[in-house]
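Let me begin by presenting the structure, written as structure tokens, before commenting on it.
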Amino acid sequence: MFQQRKRAACAGAWLALVLSAATQPAEATGAFVSPIEIAADICRKEALALHPGKVERTEVLHGANAVRIEVHIKQSDGKGWIVLCDGTSGKILNTIDVDAP
């Protein structure tokens with residue numbers, strides 16, 4: 001069952017990528033940027049505005065019904081944060097204090 005959901009999520013992400021590429025204007029120039037990468041950029045900017053510091057890594061999580069983006073931030077004082085965003089809009093959904101007990 002898990003493998004079927006994983007395959008369906010990957011197929012859905014692939015279909016979204018293909019459809020977005022197919023709908024690019026004919027006069028568009030430059031490298032193609034996927035909608036997920038655009039949402040990840042928005043999420044990184046919003047996360048850094050909320051918790052200034054250095055982005056250690058960004059992870060894209062593909063679920064059965066949604067794509068989520070995790071941004072891991074380390075602040076200058078050593079405090080860590082994980083910011084969870086929506087993978088289609090880049091909107092912040094949750095913030096986790098890594099150092100909380």
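The values are calculated or read from the model by the stated rules, or taken from the named source; none is laboratory data. As the structure is a prediction and not an experimental result, all values here were calculated from the model. Note that we place each Cβ from the backbone using ideal geometry, even for glycine, and neighbour counts take in every protein chain shown.
Report the residue count in region 61-90 for those that are surrounded by fewer than 15 Cβ atoms within 10 Å (Cβ to Cβ) and touching a strand residue (DSSP E or B) at 6+ places or on another chain (Cβ under 6 Å). Residues flagged as surrounded by fewer than 15 Cβ atoms within 10 Å (Cβ to Cβ) and touching a strand residue (DSSP E or B) at 6+ places or on another chain (Cβ under 6 Å) within region 61-90 amount to 1. Of the residues making up region 51-78, those that are among the aliphatic types (A, V, I, L, M) and in contact (Cβ under 8 Å) with a residue 40 or more places away in the chain are A64, V67. Using the structure shown, decide if C10 is under 24 Å from L93 (Cα atoms), modelled with pLDDT under 55, surrounded by 11 or more Cβ atoms within 10 Å (Cβ to Cβ) and within 19 Å of the chain's Cα centre (by Cα). Yes. Could you tell me whether region 36-49 includes any residue that is surrounded by 16 or more Cβ atoms within 10 Å (Cβ to Cβ) and modelled with pLDDT under 85? The answer is yes, given that some residue of region 36-49 is surrounded by 16 or more Cβ atoms within 10 Å (Cβ to Cβ) and modelled with pLDDT under 85.
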